[in-house]
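Some notes on the structure that comes next.
The values are calculated or read from the model by the stated rules, or taken from the named source; none is laboratory data. Note that the structure is predicted; figures quoted are calculated from it, not measured. Using ideal geometry, Cβ is built from the backbone for each residue, glycine included, and neighbour counts are taken over all protein chains shown.
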Amino acid sequence: MRRSYILCIAGACAVSLIAASPQRLVGDGREYLAQALNFASLHGPPLRPRDLGEIQLEMARFDPTLASWNIRDATVADSRRNLDFQHFWFYALLAAPGVWLTRLLDLPPTLAFTGLNLVFIGLALWTAIPRIGSAASVLLFASPIIWWIDKAHTEVFTFSLLVVAFALIEERPWWSMIAAGAAATQNPPIAAVLLFIWLAAVSRDRSAVVDRRVATGALLGLALALLHPIYTFVHHQSPSLLLSATRRGLPSLASVTAVITDPAIGLIGNFPVFLIVVLAALAWRGPAANAATAPPAAWRRRNAAVAAGAAVVFFISFARTTNVHHGGTPGMSRYAIWLIPLAVPLLAGMQEVRNHGWRRFLWAAAIASATISVAAFRPSVPQNSREPTALASFLWTRLPSLNNPLPEVFSETELHLDDLWVPAATAGCEKVLLGVTPDAGAWPIPCYPAPVPEMCQPAGTLCYANRTKNGYRFAHAPGEAAGKLRSDAVWPVDAAPHVRRIYEAWDWPTLDFDTTKPGPVQEAAGVSAVALGSADRFVVVLRDVRPAAVLRLQPARQRRGVLVDALTGRTVADEECAENRACTIPLPEGFTILLLAMR
């Protein structure tokens, strides 16, 4: 099938997906929109204070909530008091002509970025098809990148330029270097790819050193890559404002590999078929249909070395960010998008093998992956709506000891709160993230407050408690982050031993802790109630008891139990409910936490 036909089909699919998605800003999109509006008004690059009102007014016409956005707080002032966002402006500059068109047609300004994204991804697809083949193109382009095609964000820009850079390494390294340099304007670590491409070109042919095309491509790519650090240094005496969002020191192994191995934000939980294809290609030992068409080993080594070097740089830069679990995505880390184009040299090599078995496998994988990606990552999917992923949920609830993710990923995924808060737990307390704080409890209500081992007791230490058949197994949480205590959500220190006594008397390992399921409580008036267990045997945790508070139950069988003050362990009242009859239990005032245990 000709490239033009494939491109038309891909464009029609993209437009249909975009048409079903509302125009909206996610993540850092409002920054790029403000920059583009500034450029479209023939100002910039920095935002002048006197222009902020006009920019904000135009943004508010698109999204009224942006009327209250404080642009000054989101920017950094230079020596002339002009303002720059943390993220560089090159991508927004390219969108400015599109903004002129949207103004002329009275359309949402975000469509300027949608059009720009379609141009870049179309260019990348046009470049990739003859080099990696149709099946591999379906795998790479009908992937999680489709969620970004209508977003005012740099992911499509970066993805597309990296695809072009890796696709043209062998044939036109000068264009590869220009593409890498352009990608580096928004993400400086990508500048390393430019260097690796130049080294690969020189190692293949020493005459490339004096080749005008190679020299021109290298100089243009370098000029683009230096645009970000030079501008920022001149205006802010720093090579990049992004440095303020990075950690110092050596990152942990878990931080380095999270974009691949983390079941919530990594490729393994969001784009697993891609990893299967890459591993299969790396392990391929099958015969070529024609030995003369098999790619030379030296060709593979040079291009693989560029991809491997880029991967090392990318992994380290990902791990140093202070916001590993960033917003503005459907769940998957946007940094993982950078890794997908690194497979282009490998897939290009396999395209030249021309083995029928490989082609059948690749087509099957590509179609299956595209189907999943369109369902899970179509542009209309709300941000953070895929958290936790099916894989993460399965591991954290069924096999909790098998995976201990970065604490900020687990905490923000389970609590749906920004920043790292502890404790955090799955709905059924199968996996609990603990952070011990002096004079404060460690365990979240209503989980069983098991004794915390010595290794987890130093202040600031983060540990995972992983449920087993009889209790919990503890492990240090990876990474270097420190958590903030959710003091209103933990068992008080004084309550822990009394809660343990009641839970153990009710055989807590056999109770169902999933509070999202229907429980025995029909109505809780004037009190916050969380029920554990089943209709036969249950414990109800009662907090915020207000005057005249009551609890209404209707058990299928007669039940007896006790109402206990969790802070002192004192039995407040003995309770009994008759079979198949409404049971109303009045709750006394003056108690912080009460436990109603019945069986």
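Listed residues 331, 327; which is at negative phi, in a loop (DSSP other than H, G, I, E, B) and assigned by TED's automatic domain parsing to the domain that holds residue 131?
Details: 331 fails: at negative phi.
After applying the criteria, what remains is 327.
Quick check on the stretch 41-62: of everything there that is assigned to a loop (DSSP other than H, G, I, E, B) and either surrounded by fewer than 18 Cβ atoms within 10 Å (Cβ to Cβ) or touching a Phe, Trp or Tyr at 6+ places or on another chain (Cβ under 8 Å) (or both), which residue is modelled with the lowest pLDDT? Steps first, please.
Just the residues of the stretch 41-62 that are assigned to a loop (DSSP other than H, G, I, E, B), to begin with: 41-46, 48.
The next check asks that each one be either surrounded by fewer than 18 Cβ atoms within 10 Å (Cβ to Cβ) or touching a Phe, Trp or Tyr at 6+ places or on another chain (Cβ under 8 Å) (or both); those that pass are 41-45, 48.
On the way: 41: 96, 42: 95, 43: 94, 44: 84, 45: 95, 48: 96.
So, considering only residues that are assigned to a loop (DSSP other than H, G, I, E, B) and either surrounded by fewer than 18 Cβ atoms within 10 Å (Cβ to Cβ) or touching a Phe, Trp or Tyr at 6+ places or on another chain (Cβ under 8 Å) (or both), the one modelled with the lowest pLDDT is 44.
Would a scan of the stretch 449-465 turn up a residue that is in contact with a Lys or Arg (Cβ under 7 Å, 6 or more places away or on another chain) and either outside the structural domain of residue 593 (by TED's automatic domain parsing) or crowded, with 19+ Cβ neighbours inside 10 Å (or both)?
Within the stretch 449-465, the first condition is being in contact with a Lys or Arg (Cβ under 7 Å, 6 or more places away or on another chain), and the residues that meet it are 449, 464.
Now narrow it down to the ones that are either outside the structural domain of residue 593 (by TED's automatic domain parsing) or crowded, with 19+ Cβ neighbours inside 10 Å (or both): 449, 464.
Scanning the stretch 449-465 turns up at least one residue that is in contact with a Lys or Arg (Cβ under 7 Å, 6 or more places away or on another chain) and either outside the structural domain of residue 593 (by TED's automatic domain parsing) or crowded, with 19+ Cβ neighbours inside 10 Å (or both).
I need a count of the residues in the stretch 551-572 that are within 12 Å of residue 598 (Cβ to Cβ) and part of a strand (DSSP E or B). Steps first, please.
We begin by selecting, within the stretch 551-572, every residue within 12 Å of residue 598 (Cβ to Cβ); these are 551, 553, 555, 557-564.
Filter once more, keeping what is part of a strand (DSSP E or B): 551, 553, 559-564.
Here the count works out to 8.
Could you list, in sequence order, all residues of the stretch 467-516 that are without any contact (Cβ under 8 Å) to a residue 12 or more places away in the chain and either within 33 Å of the chain's Cα centre (by Cα) or assigned to a loop (DSSP other than H, G, I, E, B) (or both)?
Hit for the stretch 467-516 is 488, nothing else.
Matching residues to (1) outside any helix (DSSP H, G or I); (2) touching a strand residue (DSSP E or B) at 6+ places or on another chain (Cβ under 8 Å):
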{"site": "223", "(1), (2)": "no, no"}
{"site": "232", "(1), (2)": "no, yes"}
{"site": "235", "(1), (2)": "no, yes"}
{"site": "254", "(1), (2)": "no, no"}
{"site": "258", "(1), (2)": "no, no"}
{"site": "264", "(1), (2)": "yes, no"}
{"site": "273", "(1), (2)": "no, no"}
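Within the stretch 317-330, restricting attention to residues that are touching a helix residue (DSSP H, G or I) at 6+ places or on another chain (Cβ under 7 Å) and crowded, with 19+ Cβ neighbours inside 10 Å, which residue is nearest to residue 411 (Cα to Cα)?
Across the stretch 317-330, the extreme among qualifying residues is 325.
Checking residue 548 against (1) in contact with a strand residue (DSSP E or B) (Cβ under 9 Å, 6 or more places away or on another chain); (2) without any contact (Cβ under 8 Å) to a residue 40 or more places away in the chain; (3) not in a loop (DSSP other than H, G, I, E, B): exactly one of these is not met. Which one?
Only one criterion in (1) in contact with a strand residue (DSSP E or B) (Cβ under 9 Å, 6 or more places away or on another chain); (2) without any contact (Cβ under 8 Å) to a residue 40 or more places away in the chain; (3) not in a loop (DSSP other than H, G, I, E, B) is unmet by residue 548, namely (3).
Quick one: which of 202, 210 is farther than 30 Å from residue 331 by Cα, modelled with pLDDT under 90 and in the same structural domain as residue 337 (by TED's automatic domain parsing)? Talk me through it step by step, then tell me what you get.
Values: 202 fails: modelled with pLDDT under 90.
Exactly one residue qualifies, and that residue is 210.
Would you confirm whether any residue within the stretch 415-437 is surrounded by fewer than 24 Cβ atoms within 10 Å (Cβ to Cβ), part of a helix (DSSP H, G or I) and within 21 Å of the chain's Cα centre (by Cα)?
Yes, because at least one residue in the stretch 415-437 is surrounded by fewer than 24 Cβ atoms within 10 Å (Cβ to Cβ), part of a helix (DSSP H, G or I) and within 21 Å of the chain's Cα centre (by Cα).
Please verify whether the stretch 517-531 includes one or more residues that are modelled with pLDDT under 90, loosely packed, with under 15 Cβ neighbours inside 10 Å and either on the phi > 0 side of the Ramachandran plot or not in a strand (DSSP E or B) (or both).
For the stretch 517-531, residues modelled with pLDDT under 90, loosely packed, with under 15 Cβ neighbours inside 10 Å and either on the phi > 0 side of the Ramachandran plot or not in a strand (DSSP E or B) (or both): present.
Out of the residues in the stretch 76-95 that are among the charged types (D, E, K, R) and part of a loop (DSSP other than H, G, I, E, B), which is farthest from residue 245 (Cα to Cα)?
Residues of the stretch 76-95 among the charged types (D, E, K, R): 78, 80-81, 84.
Cutting the leftovers down to part of a loop (DSSP other than H, G, I, E, B) gives us 78, 80-81.
On the way: 78: 18, 80: 24, 81: 22 Å.
Ranking the qualifying residues of the stretch 76-95, first place goes to 80.
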